[in-house]
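What follows is a set of notes on a single structure, which appears directly below.
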Amino acid sequence: MPFREVVGHRAVISRIAQAVEGDSLPPSVLLTGPGGVGKRLLAGAIAQTLNCGAPRRDASGLAVDACGSCSACRRIAGGVYPDVLVLAPGEGGSITVDQVRVAIEQVGYRPFEGRRRVIVVDDADLLVPAAQNALLKTLEEPPPRSQFVLVTARPDMLLDTVRSRCPRLRIGHLRRHPAAAA
Ligand SMILES: [Zn+2]
């Protein structure tokens, strides 16, 4: 889903788009905010915009946005794009060291076909401490052309060392439009 289709959060989305356009998005970011406000969708929009085959300035004023319809955008949305990896808790309810090691190994290689290899860590607070420690060095010195997006509603559950390496992008509650309340 491109930035323009994510509901709400226009100010922060505008800043993120600006950073992507200017190639100044920090290589490891922590996307925080309450549950159910679209953090995961926003992470997907970042992944799409970084790898879209036809990124463009959006009519709504965004510096750049994904087209949403090219092969890369469609495969990223479908979870089958080789340069976008999503880490999420498995059956055990946590994200393990092994999952992190696989991700770290992958970012060591050039992207297969995209411009950036994007690692989205969903529910990053469920990284076991050993997995967070395994990530530290990579978050500190991410390989060229890699982008880490840690997503969590509970950033305080992360180790200080992880938090300090990832500039935070805060997403607030969705404000209901007055007209929509009627
Ligand atoms: Zn596209």
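Checking each residue in the range 51-85 for being more than 10 Å from the ligand (Cβ to nearest atom), under 19 Å from Val29 (Cβ atoms) and either open to solvent by 20 Å² or more (accessible area, probe 1.4 Å) or over 15 Å from the mean Cα position of the chain (by Cα) (or both) picks out Leu62, Ala63, Val64, Val84, Leu85.
For Val20, the conditions (1) at pLDDT 95 or above; (2) within 16 Å of the ligand (Cβ to nearest atom); (3) surrounded by fewer than 16 Cβ atoms within 10 Å (Cβ to Cβ) all hold with the exception of (3).
For (1) more than 16 Å from Ala47 (Cβ to Cβ); (2) under 16 Å from the mean Cα position of the chain (by Cα); (3) not β-branched (Val, Ile, Thr), each residue gets a yes or a no:
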residue	(1), (2), (3)
Glu91	yes, no, yes
Val100	yes, yes, no
Arg116	no, yes, yes
Leu174	yes, no, yes
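Considering only the range 29-50, state which residues are open to solvent by 50 Å² or more (accessible area, probe 1.4 Å) and outside any loop (DSSP other than H, G, I, E, B). Arg40, Leu41 - these are the residues of the range 29-50 that are open to solvent by 50 Å² or more (accessible area, probe 1.4 Å) and outside any loop (DSSP other than H, G, I, E, B).
Scoring Ile13 on the criteria (1) more than 15 Å from Pro167 (Cβ to Cβ); (2) assigned to a helix (DSSP H, G or I); (3) open to solvent by 20 Å² or more (accessible area, probe 1.4 Å); (4) in contact with a Leu (Cβ under 8 Å, 6 or more places away or on another chain) leaves a single failure, condition (3). Scanning the range 168-182 for residues that are surrounded by 14 or more Cβ atoms within 10 Å (Cβ to Cβ) and at pLDDT below 95 yields a count of 2. When we screen Gly92, Gly114 for residues that are over 23 Å from Ile16 (Cβ atoms) and part of a loop (DSSP other than H, G, I, E, B), the only hit is Gly92. With the structure loaded, tell me whether Gln106 is assigned to a helix (DSSP H, G or I), in contact with a strand residue (DSSP E or B) (Cβ under 8 Å, 6 or more places away or on another chain) and either under 14 Å from Ala43 (Cα atoms) or more than 16 Å from the ligand (Cβ to nearest atom) (or both) or whether it fails that test. Judged against the criteria, Gln106 is a match.
Considering the range 86-103, the residues that are among the aliphatic types (A, V, I, L, M) and open to solvent by 50 Å² or more (accessible area, probe 1.4 Å) include one that is nearest to the ligand (Cβ to nearest atom), namely Val86. Applying the criterion of being surrounded by 15 or more Cβ atoms within 10 Å (Cβ to Cβ) and among the basic types (Lys, Arg) to the residues of the range 148-167, the residue that is nearest to Leu127 (Cα to Cα) is Arg163.
The values are calculated or read from the model by the stated rules, or taken from the named source; none is laboratory data. Since the structure is predicted, the reported quantities are computational estimates derived from the model, not experimental observations. Cβ atoms come from the backbone with ideal geometry, glycine included; neighbour counts cover every protein chain shown. The protein model used for the area step is the full one, side chains on, heavy atoms only, and it has no ligands, DNA or RNA in it. Shrake-Rupley method; radii C 1.70, N 1.55, O 1.52, S 1.80 Å.
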